[in-house]
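Participant: What follows is a single structure, and I will ask about it in a moment.
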Amino acid sequence: MATIELAGKQFDVDEDGFIQDATDWDEAVAAAIAPTEGVDSMTEEHWVVVNFIRDYYKEFGVAPMIRKLCKSTKMDLKKIYELFPSGPAKGACKIAGLPKPTGCV
Amino acid sequence: MNPSVKVEEISKPADPLSHVDPRDLPILPKPYDDAEKIPAWKPLSDKAKGEYESSLDDTIALSIRKPASKEEEERLIRQFLDGLEKLFSRENNWTFLQPMTLSMENCAKCQTCAEACHIYEMSGHNEIYRPTYRAEVLRRLYYKYLKPGGALFSKWLHGDIELNWTTIARLAELSYRCNLCRRCAQTCPLGLDNGLITHDLRKLFSQEMGIYAKELHDNGSMLQLRVGSSTGMNPLVVKDNIEFIDEDTSERTGIPIQTPWDVEGADVLLIHNAGEIMAWPENHGAFATIFEAAGIRWTLSSESQEALGYDNINYGLFYDDVMLAKVAVKHAKAAKKLGVKKIVLGECGHAHKALTVIADRVLTGELNIPRESAMALLKEIVFSGKIKFDPSRNDFPVTLHDPCNMVRLMGIVQPQREILQLLCPQFREMTPHGVDNYCCGGGSGFAIMSGHNFEDWRMHVSGRKKMEQILHAFHDELDPSIRKYVCAPCSNCKGQMRDLIKYYDMWNQCGISYGGLVELIVNAMADAQPGYIEWGLF
């Protein structure tokens, strides 16, 4: 397992850079991951998506369905891709500090 | 690429044994015939090369750590030899011993299988991907270490091979350069099975040495046994998601649905690949709409511990018999607990093979509950006259991908075709199709493996034949303004289709989209609001 430093903290990450344990995740960490996923700066809309994912994950221990994310944030998938060029799972979830999605998704 | 790499060279230093050079790969049809316009292959990082075994080719599937000492290397070699012995002993491998032994001892080296393999062909005939390359390595080890007098004579009789850590590490990686599609086995004049050989190598590595793809084991089988699903969904989450899908689908179709949970004595227990629920919710929404409209007495199961009721995946099929048996028994228990008449498997190819065919050897007595494919039930419903259809709603070009486990392995060829012939006026076959169709390139778990640059290999090499077939099927209508649909009734295949479409920007450049079978059925339902299929969303 590789280790990287984000916003002054050490994190274990998998080979694709997903944080393994998000206990120490905070907004500064998210902002530090963002550029690696093609997000130059985090706007209010970015935070709406990231916070929804984050809150859902805290409650249910798994990422939200993409359709649910779209409906709850009132953004369509095209909009999510505009905000996060690498997509909701690889981009937005990674910035939100979630581990890489698992299973046939 | 090293065009003349020999079997015995697998033990010799070389970094790597054979390159995969994009310039060696066959040129794709238009508009991908300009190699410059195809996404570039991302090289492995120096860090990855330093930490993990990467001396086979230019990618890594398994992230095998390099042994820290000579002692560790020797221990690993001993483990491998123990595992090799077990593969060929009745008490440890009674299920596959006979076909394995036949495959070891009867190969005529005619190479008919090589020409049937999409990976070998579309790698530009890279020797290390020849189906008989890895089989021949195992065959030489088999004769050298397991046969009387092997150490003395096998070199002359069967060819030389040295067993060192390099051989083992490369062989492990090489067992993950095959989709286990068994097109080679289908074509072998002697009925030998190089797919099984690859499968049993993976089994040796997992069961004996703890070498596996973490997507399949840690985040797959183990996660499923812990929480109920490889997606990480526990019963609370899956019920919440299904409730959302029910509402969302009802809004879209105008037909109210409510998915039944845990109904005792139902006729049908539907088990999806839970990836559908997370990533392709329109698939479950369509199943529910069709079943309700047809008046099927069906249910989902929320079992997650003693039994597994809502995720039909069984990745053990790809790499580990112990995992396979554990999961299969728990699937059957979910059906037994509810006392349903039968299990119907949703659109997931490997789950079909695992639970209906392979598990037949472990499910005995009261666990031997009837299990069948959704394809058959869907055909029955579509042709029953219970639902009114308007095929003009599906008046766009459609082609059909044949999931290997469902079609080549089980012979479920016709039901899905007859549905498409009825409901899709512009349905056309791929070439070849049916049991001769090629793997999507994501088979055997590859569709969910994308660490390091493995996705590049999957998109350039293993998925290349499917790219070619899809482009050929739509060759006269590649204009992006014409919406086209690749029907792939399997979650794993759909994942690969989605990745191919994204990687090659096929929606924008060619108007090619993809989805399952049930979505097309609901899209043609005359009583539903039109437009169930959503285009261009990936």
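Participant: If the cut-off is a Cα-Cα distance under 24 Å, which lysines reach B:LYS333, setting aside same-chain residues fewer than 8 apart in sequence?
Facilitator: B:LYS239, B:LYS341, B:LYS342, B:LYS353
Participant: Through the Karplus equation 6.51 cos²θ - 1.76 cosθ + 1.60, θ set to phi - 60°, convert the phi angles of the range B:308-322 into ³J(HN,Hα) values in whole Hz; use x for Gly and Pro.
Facilitator: Result, ordered by residue: 10, x, 10, 9, 7, 4, 8, 4, x, 3, 7, 8, 7, 5, 5 Hz.
Participant: Another question, if that's okay. Can you work out ³J(HN,Hα) from phi for every residue in the range B:328-336, in order, using Karplus 6.51 cos²θ - 1.76 cosθ + 1.60 and θ = phi - 60°, giving whole Hz and x for Gly and Pro?
Facilitator: Working through the residues one at a time gives 4, 4, 5, 5, 5, 5, 4, 6, 5 Hz.
Participant: Starting from the amide H of B:TYR514, placed 1.01 Å from N in the peptide plane, find each other amide H under 5 Å away whose residue is 5 or more places distant or on another chain.
Facilitator: The list, which skips near neighbours in sequence, is B:VAL486.
Participant: Among B:GLN98, B:GLN111, B:SER123, whose Cα sits farthest toward the positive end of the charge dipole of the range B:53-123 (+1 at Cβ of Lys/Arg, -1 at Cβ of Asp/Glu, about the Cα centre)?
Facilitator: B:GLN98
Participant: On a straight-distance basis, which lysines could pair with A:LYS90 in a cross-link, Cα separation under 16 angstrom, same-chain partners fewer than 8 positions away excluded?
Facilitator: A:LYS78, A:LYS79, A:LYS100, B:LYS502
Participant: Next up: Do you know the relative contact order of the range B:266-353, to the nearest whole percent, from alpha carbon pairs under 8 angstrom that are 6+ apart?
Facilitator: 41 percent
Participant: On a 0 to 90 degree scale, rounded to 10, what angle separates helix A:44-60 from the longest Cα axis of chain A?
Facilitator: That works out to roughly 80 degrees.
Participant: Among B:LEU56, A:GLY8, B:TYR145, which residue has its Cα furthest toward the positive end of the charge dipole of the protein assembly as shown, with +1 on Lys/Arg Cβ and -1 on Asp/Glu Cβ?
Facilitator: Toward the positive end, the furthest listed residue is B:TYR145.
Participant: For A:THR23 and B:ASP218, FRET efficiency with R0 = 22 Å and r from the beta-carbon atoms, rounded to 0.05?
Facilitator: Efficiency, from the Cβ-Cβ distance: 0.65.
Participant: Could you put B:ASP479, B:ASP24, B:ASP193, B:ASP46 in order of accessible surface area, largest first, with the 1.4 Å probe and the full protein assembly present?
Facilitator: Heavy-atom accessible area, descending, gives B:ASP46, B:ASP479, B:ASP24, B:ASP193.
Participant: 5 Å is the cut-off here: which amide hydrogens, built 1.01 Å from N in the peptide plane, fall below it relative to B:TRP261, excluding neighbours closer than 5 in sequence?
Facilitator: Amide H neighbours of B:TRP261, under 5 Å, 5+ apart: B:LEU300.
Participant: Calculate, for B:SER4 and B:ALA35, the FRET efficiency according to 1/(1 + (r/R0)^6) with r their C-beta to C-beta distance and R0 30 Å; round to the nearest 0.05.
Facilitator: Rounded to the nearest 0.05, the efficiency is 0.80.
Participant: Give the average, rounded to an integer, of partner chain Cβ atoms located within 10 angstrom of each Cβ in A:58-65.
Facilitator: Taking all residues of A:58-65 together, the mean is 6.
Participant: Starting from the 7 Å offset along Cα-to-Cβ, what nm value, one decimal, do you get for the label separation of A:SER86 and B:GLU162?
Facilitator: Going by the 7 Å Cα→Cβ label model, 4.1 nm.
Participant: Let me ask something else. If B:THR166, B:THR364 are ordered by their accessible area, calculated over protein heavy atoms with a 1.4 Å probe, which sequence runs from highest to lowest?
Facilitator: Highest to lowest solvent-accessible surface, that is B:THR364, B:THR166.
Participant: Round to the nearest 0.05 the FRET efficiency obtained for B:ALA68 and B:GLN421 when R0 = 51 Å and r is the Cβ-Cβ distance.
Facilitator: Step by step, r from the Cβ atoms, then E = 0.30.
Participant: Here's something else I'd like to know. Convert 25 °C to kelvin, take the viscosity as 0.890 mPa s, use the Kirkwood radius over C-alpha pairs of the range B:231-379 as Rh, and evaluate the Stokes-Einstein diffusion coefficient in µm²/s, rounded to a whole number.
Facilitator: Here the translational diffusion coefficient equals 161 µm²/s.
Participant: Here's something else I'd like to know. Could you sort A:31-44, B:262-275 so that the peptide with the highest average Cβ count within 10 Å comes first and the rest follow in order?
Facilitator: The packing order, highest mean first, is B:262-275, A:31-44.
Participant: Which semi-axes, in whole Å and largest first, does the equivalent ellipsoid of the range B:351-478 have when worked out from the alpha carbon gyration tensor as the square roots of 5 times its eigenvalues?
Facilitator: Calculated on Cα positions only, the semi-axes equal 27, 26, 11 Å.
Participant: Please flag any cysteine in chain B that has no other cysteine's Cβ under 4.7 angstrom from its own Cβ.
Facilitator: B:CYS107, B:CYS110, B:CYS117, B:CYS178, B:CYS188, B:CYS348, B:CYS424, B:CYS487, B:CYS510
Participant: Ok, one more. Can you tell me the relative contact order of the range B:7-209? Whole percent, Cα pairs under 8 Å, sequence separation 6 or more.
Facilitator: 29 percent
Participant: Can you tally the net charge around B:ASN523? Count Lys and Arg as +1, Asp and Glu as -1, for every other residue whose Cβ sits under 13 Å from the Cβ of B:ASN523.
Facilitator: My count for the surroundings of B:ASN523 gives -3.
Participant: Taking 7 Å along the Cα-to-C-beta vector as the label spot, tell me the A:LYS79-B:LEU367 distance in nanometres, rounded to one decimal.
Facilitator: Here the answer is 4.9 nm between the modelled labels.
Participant: If we count every other residue with Cβ under 11 angstrom of B:PRO256's Cβ, Lys/Arg +1 and Asp/Glu -1, where does the sum land?
Facilitator: -4
Participant: Oh, and also: Largest first, how would B:LEU157, B:LEU363 line up by accessible area (1.4 Å probe)?
Facilitator: Accessible-area ranking of B:LEU157, B:LEU363, largest first: B:LEU157, B:LEU363.
Participant: Tell me, what ³J(HN,Hα) does each residue in the range A:10-23 have, in order and in whole Hz, if you take phi through Karplus 6.51 cos²θ - 1.76 cosθ + 1.60 with θ = phi - 60° and put x for Gly and Pro?
Facilitator: Per residue, the Karplus-derived 3J(HN,Hα) values read 8, 9, 7, 10, 7, 5, 9, x, 7, 5, 8, 9, 9, 4 Hz.
Participant: Where nothing but the Cβ of Lys and Arg (+1) and of Asp and Glu (-1) is charged, how large is the charge dipole of the range A:2-95 around its Cα centre, in debye to the nearest 20?
Facilitator: Computed charge dipole of the range A:2-95: roughly 600 debye.
Participant: Same structure, new question: With only alpha-carbon pairs counted, each pair once and no self-pairs, how large is the Kirkwood hydrodynamic radius of chain B in angstroms?
Facilitator: Result for chain B, one decimal place: 24.0 Å.
Participant: How large is the Rg to Rh ratio of the range B:167-208 when both quantities use alpha carbon positions and Rh follows Kirkwood?
Facilitator: 1.02
Participant: As I understand it, the dipole of the protein assembly as shown uses +1 on the Cβ of Lys and Arg and -1 on the Cβ of Asp and Glu, about the Cα centre. Which of B:GLN529, B:VAL340, B:ALA68 lies farthest toward its positive end?
Facilitator: The residue sitting farthest along the positive end of the dipole is B:VAL340.
Participant: Can you send over the solvent-accessible area of B:HIS331, 1.4 Å probe, protein chains only, in Å² to the nearest 10?
Facilitator: Counting only protein heavy atoms, the figure is 0 Å².
Participant: So if I place +1 on the C-beta of Lys and Arg and -1 on the C-beta of Asp and Glu, and nothing else carries charge, what would the dipole magnitude of the protein assembly as shown be about its Cα centre? I want it in debye, nearest 20.
Facilitator: Value, rounded to 20: 1560 debye.
Participant: A further question follows. Based on Cβ point charges of +1 for Lys and Arg and -1 for Asp and Glu, what charge dipole magnitude is obtained for the range B:231-379 about its Cα centre, in debye rounded to the nearest 20?
Facilitator: Here the size comes out at about 640 debye.
Participant: Along its three principal axes, how long is the protein assembly as shown when you only count alpha carbons? Whole Å, largest extent first please.
Facilitator: 75, 59, 53
The values are calculated or read from the model by the stated rules, or taken from the named source; none is laboratory data. Just so you know, these numbers come straight off a predicted model, no measurement behind them. Note that we place each Cβ from the backbone using ideal geometry, even for glycine, and neighbour counts take in every protein chain shown. In case anyone asks, the SASA skips ligands and DNA or RNA and just uses the protein heavy atoms, side chains included. Shrake-Rupley method; radii C 1.70, N 1.55, O 1.52, S 1.80 Å.
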